[in-house]
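Note sheet for the following structure.
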Amino acid sequence: MHAKFVALPFVTRRVLIALALFLLAFVSVHLPKNGFSETLCFGSLFGLLWAVGILVPLLKVTFFVLRWVLRYHVLFKY
């Protein structure tokens, strides 16, 4: 089964991984609220962002905004 999965094209593998992680996040949202279900939901959504391919640009923008906000607070608030 693993050999068949690895033999698939790259985009198809990413789509299947994204679909599985989305379904896992959907199921974990409907579980009772505790630390495990919340960790499972956040982890699967993090993996979904990776599988879709927007995780790295999102992290770059987030770090840029964080750096800008910290610089603003240091220069103008104190």
Assuming L49 fulfils every condition listed in (1) under 29 Å from T12 (Cβ atoms); (2) exposed (fewer than 10 other Cβ atoms within 10 Å of the Cβ) apart from one, which condition is it?
(2)
Which residue pairs have Cβ atoms closer than 9 Å, lie 6 or more positions apart in sequence or on different chains, and pair a first residue in the range 61-76 that is modelled with pLDDT of 95 or more with a second residue that is among the charged types (D, E, K, R)?
none
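For every residue, the table says whether it meets (1) over 28 Å from T12 (Cβ atoms); (2) of a type outside the set (S, T, N, Q).
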{"residue": "F36", "(1), (2)": "yes, yes"}
{"residue": "C41", "(1), (2)": "no, yes"}
{"residue": "S44", "(1), (2)": "no, no"}
{"residue": "F63", "(1), (2)": "yes, yes"}
{"residue": "Y72", "(1), (2)": "yes, yes"}
{"residue": "K77", "(1), (2)": "yes, yes"}
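Take L48 and decide whether it is out of contact with any Gly (no Cβ under 6 Å at 6 or more places or on another chain) and without any contact (Cβ under 8 Å) to a residue 12 or more places away in the chain. It would help to see each step written out before you state the result.
Numbers: out of contact with any Gly (no Cβ under 6 Å at 6 or more places or on another chain): yes; without any contact (Cβ under 8 Å) to a residue 12 or more places away in the chain: no.
When the stated conditions are applied, L48 does not pass them.
The values are calculated or read from the model by the stated rules, or taken from the named source; none is laboratory data. What you are looking at is a predicted structure, and each value in this text was computed from that prediction instead of being measured. For neighbour counting, all protein chains shown are included, and Cβ atoms are generated from backbone atoms with ideal geometry for every residue, glycine included.
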